[in-house]
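Everything below concerns the one structure shown next.
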Amino acid sequence: MLVGRSNVGKSSIIRQLTGKKVVIGRRPGVTRRITRYNLGKMEIVDMPGFGFMSGVPKFLQEKIKTEIVRYLEGNRKRIIFALEILDARSFSEIAERWQRRGQIPVDAEMFSFLGELNLNPLVVANKIDLIPRAYRDAVLDDICEKLGLPPPWRQWTDIFVPLSAKTGEGIPELKNLIKQRMHAAGLGRYIGWLK
Ligand code: GDP
């Protein structure tokens, strides 16, 4: 199960992980629908992008969030684990905008919600190729802090993965963490879908 804002790179990461792009179903109702990728015995469920979307009215954004929460609660038992994708470059700026308004950033809210549902969320900070190496540690520490994970980020490598779907950096680490979760769920024999 995959969540994240629109345009953070969810489809690109699915392609990197599976080597394919097979859409099997769409649920009508919102701008970007819940999309299911068939992996044989399993599927990846890509949630609609949440949070600020330019041109999308606020009531519709709320509707999308509600739809995600309903789906998660309704399908809790079928979900092996959750993957939350962030855009490492724009995350801090967006989060600060929310905090200035006295609100909890929606990505942080989603992360703690996934934890409350015991979905073992993995957080991927995507697009790190866009951050100069000299700043990466500071940016990643800041992201962790805003998610409620005290820095340094390097102590969270079992749940937090800096990644670039463009260069492939971080993909092996992400695959390993996914394999661990599949094994922990007793589903180690079904990891063949990972490229
Ligand atoms: P989605 O809306 O979350 O499914 O995002 P997409 O996978 O469609 O990606 C949105 C845009 O970000 C596309 O133009 C991608 O080429 C680009 N993108 C995705 N991942 C990366 C990345 O790691 N680095 C860079 N520089 N661009 C990326």
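In this structure, does residue 47 turn out to be under 16 Å from residue 111 (Cβ atoms) and modelled with pLDDT under 85?
Values: under 16 Å from residue 111 (Cβ atoms): yes; modelled with pLDDT under 85: yes.
Taking the combined requirement at face value, the residue satisfies it.
Looking only at residues in the range 72-93 that are closer than 21 Å to residue 170 by Cβ and aliphatic (A, V, I, L, M), which one is surrounded by the fewest Cβ atoms within 10 Å (Cβ to Cβ)? Don't jump to the end; show me each part of the working.
Here is the first cut: in the range 72-93, the ones closer than 21 Å to residue 170 by Cβ are 80-92.
Of the ones still in play, those that are also aliphatic (A, V, I, L, M) are 80, 82-83, 85-86, 88.
On the way: 80: 16, 82: 24, 83: 26, 85: 27, 86: 28, 88: 25.
That would be 80.
Of the residues 94, 80, 85, the single one that is within 12 Å of the chain's Cα centre (by Cα) and in contact (Cβ under 8 Å) with a residue 24 or more places away in the chain is 85. Taking the range 135-153 as the range and being away from the ligand (no atom under 16 Å from the Cβ), in contact (Cβ under 8 Å) with a residue 24 or more places away in the chain and buried (at least 21 other Cβ atoms within 10 Å of the Cβ) as the test, the residues that pass are 146, 147. If you go through the range 115-153 and keep only what is under 22 Å from residue 12 (Cα atoms), in contact with a Leu (Cβ under 7 Å, 6 or more places away or on another chain) and not β-branched (Val, Ile, Thr), you end up with 121, 122, 125, 126. With respect to the stated conditions, residue 40 is of a type in the set (Gly, Ala, Ser), at pLDDT 70 or above and more than 16 Å from the ligand (Cβ to nearest atom).
Residues in the range 154-186 that are within 16 Å of the ligand (Cβ to nearest atom) and at positive phi: 168, 170.
Identify all residues within the range 159-175 that are surrounded by 12 or more Cβ atoms within 10 Å (Cβ to Cβ) and more than 20 Å from residue 87 (Cβ to Cβ); write none if there are none.
Across the range 159-175, the qualifying residue is only 175.
Looking at (1) modelled with pLDDT under 90; (2) assigned to a helix (DSSP H, G or I), can you tell me which one residue 55 breaks? Single failed check for residue 55: (2).
Answer yes or no: is there a residue in the range 7-24 that is at pLDDT below 85, away from the ligand (no atom under 11 Å from the Cβ), within 30 Å of residue 137 (Cβ to Cβ) and crowded, with 19+ Cβ neighbours inside 10 Å.
Initially, the range 7-24 is screened for residues at pLDDT below 85, giving 7, 11, 20-24.
Of the ones still in play, those that are also away from the ligand (no atom under 11 Å from the Cβ) are 20, 22-24.
Going one step further and asking which of them are within 30 Å of residue 137 (Cβ to Cβ), we end up with none.
No, the range 7-24 contains no residue that is at pLDDT below 85, away from the ligand (no atom under 11 Å from the Cβ), within 30 Å of residue 137 (Cβ to Cβ) and crowded, with 19+ Cβ neighbours inside 10 Å.
Say whether the condition of being assigned to a loop (DSSP other than H, G, I, E, B), of a type in the set (Lys, Arg) and either buried (at least 16 other Cβ atoms within 10 Å of the Cβ) or modelled with pLDDT of 95 or more (or both) is met by at least one residue in the range 114-134. Checked against the condition, which is being assigned to a loop (DSSP other than H, G, I, E, B), of a type in the set (Lys, Arg) and either buried (at least 16 other Cβ atoms within 10 Å of the Cβ) or modelled with pLDDT of 95 or more (or both), the range 114-134 yields at least one hit.
The values are calculated or read from the model by the stated rules, or taken from the named source; none is laboratory data. This is a predicted model, so every value here is computed, not measured. With ideal geometry, Cβ positions are generated from the backbone for all residues, glycine too; neighbour counts draw on all protein chains shown.
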